[in-house]
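Structure first, then comments.
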Amino acid sequence: MLNPAMLIAPLSIGAIGAGLAALISVTDKIVNNYGEVTININSGKKEMTVQGGGNMLNTLAEQQIFIPSACGGRGSCGECKVKVTSDIGPTLPTELPWMSSEEIKENVRLSCQIKLKEDVELEIPDYLFYIRRYTCTVERISDLTHDIKEVSMKLPQGQSIEYKAGQYMQLEAPKYGKVKEPTQRAYSMSSAPHEPARIEFMIRLVPGGIVTTYVHEHMQEGEKIDAIGPFGEFHVRDTDAMMICVAGGSGMAPFKAIFNDMIHTGRINERDCWYFFGARTAKDLFYVDWLNELQEKYERFHFVPALSEPEETDDWDGETGLITEVLDKYLKMPELANAEKEGYLCGSPGMLDACMDVMREKNDMPDEKIYFDKFG
Ligand SMILES: Cc1cc2nc3c(=O)[nH]c(=O)nc-3n(C[C@H](O)[C@H](O)[C@H](O)COP(=O)(O)OP(=O)(O)OC[C@H]3O[C@@H](n4cnc5c(N)ncnc54)[C@H](O)[C@@H]3O)c2cc1C
Ligand code: FES
């Protein structure tokens, strides 16, 4: 049986760590008065004078410039890269795991790890100037499975958001319990762009996780939650190649957005699409009726759910086995083997890495035609 202490421990350690970091940062600002510093972005396109001493990621966010930060600034996602064109010293050990040698040479830095001690010049993609913070109202929270909730949010009256199906937002949980700071994490939108006044998510509970515990145990319909975005490069490429889509768990979210978008634009009739969804038992499956309906209605859409450990009571007559085995079996069928293909994958890092190996090593799909968002 699961010991409740095992669930609470990571949350407490995370909260203590975050509290300690905040304390160190405040003390540092008081002891070392860094004064004002100037941030010059894209050769003067934007220039601002700010109080020094904070980290670059948060300081830019205070100025309404939002750099992607899927892990919320913990140095564990590698998403918050900016190119620094002035001299701010060498790359830090905490940045190195995320940097290629080319990026180190070009002084690409992790903005969450850089403390602003002096004037700095940066280059960022122009689209980041258009990222916004939306204060949304939670409209509906419902259970998709025993550990995944669907959360639907309304944007503020009169506001709308433009995004590509497959992109993600950063949701900000407020401080609660032992968590003393608002905390952001990345969540793929499961809503489609043709409904721009609301956004929807599928959020799987990570035991002891800060934001998922908030969503599953504290969030109420009617409350306000901040969402920042849209971010990310996970979207369908505009080609006629066959789409090989693979997901597990809440990795369903961007695919719900993508398939609804393809229906809305008519693309669903124009290219072949195979969707492989891996689950352990029938209780981990959801949206099966909807996906079966799509398969019946659209000749070029195929849905292959697979259970790795079906239970007797599941009464399952679909594919069984690991999603990697099922994917490999289908990719070797002549109809798929001989087609030009693109891979689209979403879910846990372990499942994604194993499926990408199947695509690349066992079925010769080129690396540059495989697109993914790793949830972790
Ligand atoms: C681009 C992107 C899109 C994402 N989209 C979604 C989405 O649509 N739905 C969704 O549910 N999640 C999604 N995630 C994952 C999400 O951002 C969080 O990492 C996850 O929800 C855990 O957050 P937390 O604050 O609850 O846990 P944390 O407080 O961050 O973590 C607590 C502990 O659990 C570990 N942990 C973190 N994440 C996981 C995990 N996924 N599985 C197991 N252990 C973990 C951590 O290492 C830590 O030890 C996405 C991630 C990325 C990068
Ligand atoms: S925000 Fe994740 S590494 Fe910087």
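Kindly list the number of the only condition in (1) of a type in the set (A, V, I, L, M); (2) more than 28 Å from Asp143 (Cβ to Cβ); (3) open to solvent by 30 Å² or more (accessible area, probe 1.4 Å) that fails for Ala282.
The single condition Ala282 does not satisfy is (2).
Under the condition of being part of a helix (DSSP H, G or I) and open to solvent by less than 70 Å² (accessible area, probe 1.4 Å), which residue from segment 58-97 is farthest from ligand 1 (Cβ to nearest atom)?
The extreme case among them is Thr59.
Looking at the structure I just gave you, is Leu110 over 17 Å from the mean Cα position of the chain (by Cα), buried (at least 17 other Cβ atoms within 10 Å of the Cβ) and within 16 Å of ligand 1 (Cβ to nearest atom)?
yes
Only one of Ile244, Ile210 is open to solvent by less than 20 Å² (accessible area, probe 1.4 Å) and either away from ligand 1 (no atom under 12 Å from the Cβ) or touching a residue at least 40 places away in the same chain (Cβ under 8 Å) (or both); which?
From the options Ile244, Ile210, the qualifying one is Ile244.
Scan segment 263-270 and tell me whether some residue there is in contact with a strand residue (DSSP E or B) (Cβ under 8 Å, 6 or more places away or on another chain), open to solvent by less than 30 Å² (accessible area, probe 1.4 Å) and not β-branched (Val, Ile, Thr).
Checking segment 263-270: not a single residue is in contact with a strand residue (DSSP E or B) (Cβ under 8 Å, 6 or more places away or on another chain), open to solvent by less than 30 Å² (accessible area, probe 1.4 Å) and not β-branched (Val, Ile, Thr).
Specify which of the listed residues (Arg204, Arg237, Arg280, Arg267) is assigned by TED's automatic domain parsing to the domain that holds Arg140 and among the basic types (Lys, Arg).
That would be Arg204, the only listed residue that is assigned by TED's automatic domain parsing to the domain that holds Arg140 and among the basic types (Lys, Arg).
For residues that are out of contact with any Ser or Thr (no Cβ under 7 Å at 6 or more places or on another chain) and hydrophobic (A, V, I, L, M, F, W, C), scanning just segment 61-76, find the one that is farthest from ligand 2 (Cβ to nearest atom).
Ile65
Would you check which residues across segment 302-321 are open to solvent by less than 40 Å² (accessible area, probe 1.4 Å) and part of a loop (DSSP other than H, G, I, E, B) and list them?
Matches in segment 302-321: Gly318, Gly321.
Please list, ordered by residue number, the helices (runs of 4 or more DSSP H) wholly in segment 322-376 having 2 or more residues that are surrounded by 13 or more Cβ atoms within 10 Å (Cβ to Cβ).
323-331, 349-357
Given the residues Glu139, Glu123, which is the only one that is acidic (Asp, Glu), open to solvent by 20 Å² or more (accessible area, probe 1.4 Å), farther than 25 Å from Ile263 by Cβ and modelled with pLDDT of 95 or more?
Answer to the selection: Glu123.
How many residues, within segment 329-372, are within 26 Å of the chain's Cα centre (by Cα) and under 21 Å from Phe301 (Cβ atoms)?
14
What about Lys115, is it in contact (Cβ under 8 Å) with a residue 60 or more places away in the chain, open to solvent by 60 Å² or more (accessible area, probe 1.4 Å), within 16 Å of ligand 2 (Cβ to nearest atom) and under 18 Å from Thr38 (Cβ atoms)?
In short, yes.
For segment 298-346, name all the residues that are closer than 26 Å to Gly232 by Cα and acidic (Asp, Glu).
Glu340, Glu342
The values are calculated or read from the model by the stated rules, or taken from the named source; none is laboratory data. Because the structure is predicted, anything quoted here is derived from the model rather than measured. Backbone-built Cβ (ideal geometry, glycine too); neighbour counts: all protein chains shown. Just so you know, the surface numbers come from the protein's heavy atoms only, side chains and all, with ligands and any DNA or RNA stripped out. Shrake-Rupley method; radii C 1.70, N 1.55, O 1.52, S 1.80 Å.
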